[in-house]
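Remarks on the structure that follows.
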Amino acid sequence: MTSLKNTNKLSLLLIFSCSCLLSIANAGSFYQDFDITWGDGRGKIVNNGQLLSLSLDKTSGSGFQSKHEYLFGKIDMQLKLVPGNSAGTVTAYYLSSQGPTHDEIDYEFLGNLSGDPYTLHTNVFTQGKGNREMQFKLWFDPTKDFHTYSILWNPRHVIFMVDNVPLRDYKNLEAKGISFPKNQPMRIYSSLWNADDWATRGGLVKTDWSQAPFTASYRNFNANACVWSLGSAKCPPLQTNVAGDNWFNQELDSTSQARMRWVQRNYMVYNYCTDGKRFPQGLPPECNIH
Ligand SMILES: *[C@@H]1O[C@H](CO)[C@@H](O)[C@H](O)[C@H]1NC(C)=O
């Protein structure tokens, strides 16, 4: 659906050693790619490694993280979110490096009362600084079925895509003095937790514990990604399609850009780049470059 265009194939490839021996995580199992890291049994891998679920009750949430760190990749995961009255719950799914100047690429799904829409919150941190929130409603009910949430992270773009429809495109504008996540390897994390002090209508709607446990499910993880190992990134062989595209040089072509504008026009509910009140000294610099 999203056709992505090929530019500058050669650029930056050179800095990577393509150790083509390492074959990456395609259609692997959750046992192979992830560890449940907290929640005392509330996170589970079942169906022979094909399904992972997290749950939350009054005592605790739960979470998992990838075994590998990655430096660039096209990372797809299917999620099915907490159904029914999920107000107060947050399902976070993100990439993050470590330390005070960390980079981070975030999806957070803010639950809601039955029948009221989830908010999909996104953010990009570079060098420890975020404040780049964009929030969306979805064009489907994310609790009924699994949908694919993707992060395309290459040296020029961080693109958030839902079922292959692009929501936002954080571009590499280092030439204009704006930082871009490209030196710190990141791990994949996810957690389900209680955030009823802020998540739903700004904290007005509290978690209804009589509905607990709350459960979110994950399947079909697919990472076409460079795995960080011993100080360098080992990329899988780039599979170039008939149009000459691969994830490492993908960017949005005009059709995809039009789809992204459609999403932003119809489903975006918050954009830091238009929040003049929040930035009285002027909007962040990337907001003024197109
Ligand atoms: C929940 O639904 C209400 C009513 O439609 C909406 O105002 C709010 O933004 C929704 N999302 C959250 C996370 O509160």
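The values are calculated or read from the model by the stated rules, or taken from the named source; none is laboratory data. Computed from a predicted structure; not experimentally measured. Cβ placement follows ideal geometry from the backbone for every residue including glycine, while neighbour counts extend to all protein chains displayed.
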Of the listed residues (SER60, SER55, SER86), the one being of a type in the set (S, T, N, Q), farther than 20 Å from HIS147 by Cα and in contact (Cβ under 8 Å) with a residue 12 or more places away in the chain is SER60
What is the one condition in (1) on the phi > 0 side of the Ramachandran plot; (2) crowded, with 21+ Cβ neighbours inside 10 Å; (3) among the polar types (S, T, N, Q) that ASN164 does not satisfy?
(2)
Would you please list the contacts, defined by Cβ atoms under 6 Å and residues six or more apart or on different chains, that run from a residue in segment 194-207 that is within 17 Å of LEU120 (Cβ to Cβ) to a residue that is of a type outside the set (A, V, I, L, M, F, W, C) and within 7 Å of the ligand (Cβ to nearest atom)?
THR200/ASN112
Has segment 242-265 got at least one residue that is closer than 24 Å to ASP116 by Cα and of a type in the set (Val, Ile, Thr)?
yes
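Take the residues of segment 78-105 that are of a type in the set (A, V, I, L, M, F, W, C) and closer than 17 Å to PHE140 by Cα: which is farthest from the ligand (Cβ to nearest atom)?
Within segment 78-105, the match that is farthest from the ligand (Cβ to nearest atom) is LEU79.
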In segment 273-286, is there at least one residue being free of Cβ contacts under 8 Å to residues at least 60 places away in the same chain, touching a Gly at 6+ places or on another chain (Cβ under 8 Å) and within 16 Å of the ligand (Cβ to nearest atom)?
no
Would it be correct to say that ASN154 is within 16 Å of the chain's Cα centre (by Cα), within 16 Å of the ligand (Cβ to nearest atom), under 18 Å from LEU173 (Cβ atoms) and not charged (D, E, K, R)?
no
If you go through segment 33-42 one residue at a time, do you hit one that is in contact with a helix residue (DSSP H, G or I) (Cβ under 9 Å, 6 or more places away or on another chain), farther than 23 Å from ILE105 by Cα and modelled with pLDDT of 95 or more?
no
Could you tell me which of the residues PHE180, PHE214, PHE136, PHE140 is touching a strand residue (DSSP E or B) at 6+ places or on another chain (Cβ under 7 Å), more than 16 Å from the ligand (Cβ to nearest atom) and hydrophobic (A, V, I, L, M, F, W, C)?
PHE180
For segment 221-231, does any single residue satisfy the condition of being modelled with pLDDT of 95 or more, over 21 Å from PHE136 (Cβ atoms), β-branched (Val, Ile, Thr) and assigned to a loop (DSSP other than H, G, I, E, B)?
no
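Only one of ASN271, ASN194, ASN183, ASN266 is under 25 Å from LEU52 (Cβ atoms), modelled with pLDDT of 95 or more and either under 21 Å from the mean Cα position of the chain (by Cα) or buried (at least 17 other Cβ atoms within 10 Å of the Cβ) (or both); which? Show your work before the answer.
On the way: ASN271 fails: under 25 Å from LEU52 (Cβ atoms); ASN183 fails: under 25 Å from LEU52 (Cβ atoms); ASN266 fails: under 25 Å from LEU52 (Cβ atoms).
Going through ASN271, ASN194, ASN183, ASN266 in turn, the sole match is ASN194.
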Across segment 106-124, what is the total count of residues that are more than 14 Å from the ligand (Cβ to nearest atom), free of Cβ contacts under 8 Å to residues at least 40 places away in the same chain and either of a type outside the set (D, E, K, R) or surrounded by fewer than 20 Cβ atoms within 10 Å (Cβ to Cβ) (or both)?
1
